[in-house]
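This report concerns only the one structure given below.
The values are calculated or read from the model by the stated rules, or taken from the named source; none is laboratory data. Predicted model only: the values in this text are computed from it and were never measured. Cβ placement follows ideal geometry from the backbone for every residue including glycine, while neighbour counts extend to all protein chains displayed. Ligands, DNA and RNA are excluded from the accessible area calculation, which covers all protein heavy atoms including side chains. Shrake-Rupley method; radii C 1.70, N 1.55, O 1.52, S 1.80 Å.
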Amino acid sequence: MALILKNANIINVYTGEILEGNIGIKDDKIVFVDYYNDIDLNKFKNAKIINLNGKFVSPTFIDAHIHIESSHVIPSEFEKYALLNGVSKVVIDPHEIVNVLGIKGIEFMLNDARILDVYCMVPSCVPATELETSGAKITPKDIEDLFKNETYKNKILGLGEVMNYIGVINRDEEVLKKINIAKKYGKLIDGHAPQLTGLDLNKYIGTGIMSDHECTTEEEALEKIRLGLKLMIREGTASKNIDILKIRNNINDIRNMTLVSDDISIKDLKDGYLINTLKKATKYVSPVEAIQMITINPANYFGFDIGIKPSNNADLIIFEDLTDFKINNVMIKGKFLEEYNLFKNNLFKKGALQHTNYTNHNKYTKYNNYIKYNSMNYSYKSEEDFLIKGIDINIEPKKSARVIEPIKDSIITNEIILDVSETIDKLNKNELNRIYVIERHKGTNRIGKGLIHFLKKGVIASSYAHDSHNVVVVGNNLKDIAIAVNHLKDINGGFVVVENGKILESVQLNIAGLMGCDGEYIYKKIESIERKTENYVLYDTNLFLTLSFLTLSVIPELKITDFGLVKNSKVVDLVF
């Protein structure tokens with residue numbers, strides 16, 4: 001016996017109990033769990049015994065649905081923060097990078113992390129719709145080839161969120177072909193069906209969809225879980241739906257409920273990750289139930305054998321308490337984190353990563369093919385490229401204009417209709433903004449044009465924009481808009497803030513225009529960009545993550561792509 005954890009309060013995720021006991025560990029496995037003090041610890045002469053004095057021990061956490069790209073760091077950087085916060089497994093839907101790089105994006109995401117277990121749901125919608133331009137396409141044959149691939153058979157768990165719910169309901173041949181391939185290989189099928197209800201919801205589930213993470217109301221959540229969907233309750237950086245846990249008052253069984261992040265910023269990743277979700281969840285459920293929702297519940301869905309029992313990996317979190325969930329230590333495969341090379345050599349200092357000089361790209365030679373990849377495939381822009389017909393030129397004052405209105409803490413937007421004359425007046429007063437999407441994959445130079453009620457001042461632009469990740473820019477000053485878009489081309493993707501002709505800050509994300517290789521560089525630069533834009537937005541939100549959802553055309557009500565404004569899965573006129 002190598003190690004014994006003595007006098008622990010063990011979170012038994014199988015029964016929902018907290019039990020006093022001892023845990024014996026040899027190599028990477030749990031050898032015994034003693035709840036009855038039947039085992040004489042003295043006979044293990046060479047074992048190291050750690051007296052936990054009543055500290056709490058649980059299995060490590062699973063994030064059952066996440067897009068790592070939303071943190072803007074590659075998996076080998078993401079894992080440093082995730083592991084420190086007790087997350088040892090993530091199930092990713094990498095449709096961000098796959099929309100840019102195709103299948104080689106999946107291979108990159110699965111092979112980059114060293115300690116973190118990264119599993120994958122193959123993106124089902126690349127492109128998400130035919131109303132935008134992506135950098136790649138994933139066909140039913142591609143999906144079948146991945147399911148058959150021996151290298152990834154234990155890592156690829158199923159088909160990622162089927163966002164084209166309208167296609168599912170209307171029996172779209174291509175969508176159903178992907179679903180049936182997943183069934184053929186016994187794979188899971190994740191769903192994505194915001195506000196879907198009644199007969200349409202039944203039709204959607206009837207094709208084989210197994211989960212949903214898009215619920216925003218208790219009524220929606222109850223209907224879906226009662227129809228047998230695995231309910232993934234999202235509490236991310238931009239979308240916060242933890243309050244639907246109130247349905248616990250209406251149901252007697254929590255086995256089909258999990259807590260997920262979906263999208264998370266580098267700041268939230270570093271400052272707690274699922275620990276913060278646990279704290280919020282205990283407003284509605286017990287601490288043990290909350291832990292079950294990020295351990296045994298997702299494990300049962302995905303077929304992982306986790307929990308504190310003999311033969312399982314010794315993947316454990318030691319907590320000081322079950323109120324703040326303060327972590328004392330994390331063990332992965334029988335070793336505490338500080339025993340891993342990743343966490344040695346002062347790489348971490350008091351739980352915080354130190355900066356490792358991102359600017360020296362020679363340190364990251366393994367990523368050179370991704371860094372050199374030109375993902376900003378458009379020409380340099382001038383102010384004239386952003387003029388809007390009917391508002392800036394050929395003005396039609398008697399017509400109406402559509403305006404996007406974001407909703408706080410939600411990826412859903414509203415549509416506002418204004419007279420063109422009122423629109424022009426509000427633009428002149430900076431009470432409305434312009435929004436543009438520039439196609440960056442195929443060299444078409446297509447620009448989708450729209451209006452939005454979002455910023456008080458300045459211009460912001462990003463190459464991270466769901467789902468196809470074309471360049472999105474918001475602001476009023478056409479000169480600054482052109483500067484922002486051109487700067488992103490120069491740095492091969494990222495974020496930028498421009499005001500009065502000057503670049504105030506930018507963040508380079510030169511892995512497919514989505515991620516960077518150094519977590520602390522990204523963290524510090526995003527901190528800086530957030531400080532410099534704290535007075536920009538009309539309401540308190542994560543500015544760039546919220547910006548990224550304005551192009552998500554599969555979510556109601558009014559969004560924008562490089563094709564233009566999208567409403568109800570159709571391109572609609574800005575001025576009409």
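Reported to the nearest whole Å, the Cα centre-to-centre distance from the stretch 111-145 to the stretch 42-102 is 22.
Annotation: amide H-H contacts under 5 Å for residue 308 (H modelled 1.01 Å from N, sequence separation of 5 or more, or interchain): 13. For the chain, the longest principal axis of the C-alpha atoms and the axis of helix 173-184 are separated by about 10°.
Modelled this way, with points 7 Å down the Cα-to-C-beta line, the labels at residue 28 and residue 527 are 3.4 nm from one another. Once the chain from residue 490 to residue 425 is taken as fully extended at 0.36 nm per residue, the excess over their C-alpha distance is 20.0 nm. Note that the stretch 439-453 has calculated 3J(HN,Hα) couplings of 5, 10, 9, 9, x, 6, 6, 5, 10, x, 10, x, 10, 8, 9 Hz, one per residue in order, obtained from phi through the Karplus relation 6.51 cos²θ - 1.76 cosθ + 1.60 (θ = phi - 60°); glycine and proline are x. By the helix-only formula, in which each DSSP H run with n ≥ 4 contributes -39500 (n - 2.57) and the sum is divided by residues, the chain has a 222 nm mean residue ellipticity of -7000 deg cm²/dmol. Annotation note: trypsin sites (Lys or Arg not before Pro) in the stretch 1-66 located in DSSP loop regions with a Cβ neighbour count of at most 13 within 10 Å are 45.
Please say if the chain is rounded, prolate or oblate, where rounded means a/c under 1.5 for a ≥ b ≥ c the square roots of the C-alpha gyration tensor eigenvalues, and otherwise the choice is prolate for a/b larger than b/c and oblate otherwise?
prolate
Taking the longest Cα principal axis of the chain as reference, the axis of helix 478-490 is set at about 50 degrees.
For the pair residue 568 and residue 111 in one chain, pulling the backbone fully straight at 0.36 nm per residue adds 160.8 nm over the alpha carbon distance.
Approximating the spin labels as points 7 Å out from Cα along Cα→Cβ, the residue 7-to-residue 170 distance works out to 6.7 nm. Across the stretch 387-518, counting alpha-carbon atoms alone, Rg and Dmax equal 15.2, 52 Å. Remark on the stretch 190-348: Rg and Dmax equal 17.4, 58 Å (Cα only). Computed over neighbours whose Cβ is under 13 Å from that of residue 243, the net charge equals +1, Lys and Arg +1, Asp and Glu -1.
For a Förster distance of 30 Å, can you work out the FRET efficiency between the beta-carbons of residue 46 and residue 328, rounded to the nearest 0.05?
With R0 = 30 Å, the Cβ-Cβ based efficiency is 0.80.
Only lysines eight or more places from residue 399 in sequence, or on another chain, were considered; those with a Cα closer than 26 Å are 389, 426, 429, 449, 456, 559, 567, 570. At the residue level, residue 469 shows approximately 0 square angstrom of accessible surface with a 1.4 angstrom probe and all protein chains present. How large a share of the accessible area of the chain, in percent, is made up of carbon and sulfur atoms when the probe is 1.4 Å and the other protein chains stay in place? Roughly 44 percent of what the probe reaches on the chain is carbon or sulfur. Within a straight-line Cα-Cα reach of under 17 Å, residue 279 can be paired with the following aspartates and glutamates, leaving aside sequence neighbours fewer than 8 residues apart in one chain: 63, 235, 243, 268, 271, 289, 320, 321, 324.
For residue 48, the lysines whose Cα falls under 20 Å of its own Cα, not counting residues fewer than eight places away in the same chain, are 6, 26, 29, 309, 333, 335. Calculate, for residue 202 and residue 130, the FRET efficiency according to 1/(1 + (r/R0)^6) with r their C-beta to C-beta distance and R0 22 Å; round to the nearest 0.05. With R0 = 22 Å, the Cβ-Cβ based efficiency is 0.25.
Per residue, the accessible area of the chain comes to 38 Å² when a 1.4 Å probe rolls over the protein heavy atoms. The calculated P(r) of the stretch 1-77, using every Cα pair and 5 Å bins from 0, goes 3, 13, 20, 19, 12, 8, 10, 8, 4, 2 in percent.
Applying 1/(1 + (r/R0)^6) with R0 = 30 Å to the Cβ-Cβ distance of residue 340 and residue 151 gives a FRET efficiency near 0.75. Scoring 293-304, 71-82 by mean Cβ neighbours within 10 Å over their residues and listing the highest first yields 71-82, 293-304. The stretch between residue 20 and residue 38 holds 5.2 nm of extra length on full extension. This uses 0.36 nm per residue minus the Cα-Cα distance.
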